[in-house]
Amino acid sequence: MTKSTKFLTANDLTEMGLLSAPGGAGTHFHDFLQRKNLTAADAARDLGVTKSTITCLINGESELTVGLAAKMQRVYDAPVGLFFRLDAKYKAYKVNEMVKAQAMV
């Protein structure tokens, strides 16, 4: 009997329900705020921006800007480099999903 040595890809794991799709910077900032027991309103006040700026980021309706990231770093010592790296992975994932969907048409 031979054993399969096929490595599972991230897509394989996602299809198996073992790995969820990556999230953008806003998703990870939301998780960060929850770990700190902060709301979007708290973050808006602390960062000197409107609540809609924070909720749009969290909901994926806007992107993390360098200016907002600088405030997050200064005020919360937030891992903004990580947020940007995760956001890049999220965008690459979305592009791959779009290409796969177009290939099926």
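Observations on the model:
- Under the condition of being free of Cβ contacts under 8 Å to residues at least 12 places away in the same chain and either hydroxyl-bearing (Ser, Thr, Tyr) or in contact with a helix residue (DSSP H, G or I) (Cβ under 7 Å, 6 or more places away or on another chain) (or both), the residues counted in segment 10-32 number 3.
- Search result, residues across segment 54-90 that are polar (S, T, N, Q), closer than 16 Å to Thr27 by Cβ and in a helix (DSSP H, G or I): Thr55
- On the stretch given as segment 65-83, residues that are in contact with a helix residue (DSSP H, G or I) (Cβ under 7 Å, 6 or more places away or on another chain) and loosely packed, with under 15 Cβ neighbours inside 10 Å total 2.
- Residue pairs whose Cβ atoms lie under 7 Å apart, separated by 6 or more positions or on different chains, with the first residue in segment 38-57 and closer than 19 Å to Ala70 by Cβ and of a type in the set (D, E, K, R) and the second at pLDDT below 95 and crowded, with 17+ Cβ neighbours inside 10 Å, do not occur.
- Considering segment 1-50, and only residues there that are assigned to a loop (DSSP other than H, G, I, E, B) and among the hydroxyl-bearing types (Ser, Thr, Tyr), the residue that is modelled with the lowest pLDDT turns out to be Thr2.
- For segment 78-101, a residue qualifies if it is under 20 Å from Gly67 (Cβ atoms) and among the charged types (D, E, K, R), and the qualifying residues are Arg85, Asp87, Lys91.
The values are calculated or read from the model by the stated rules, or taken from the named source; none is laboratory data. All values derive from a computational prediction rather than experimental measurement. Cβ sites come from the backbone with ideal geometry, for glycine too, and all protein chains shown count toward neighbours.
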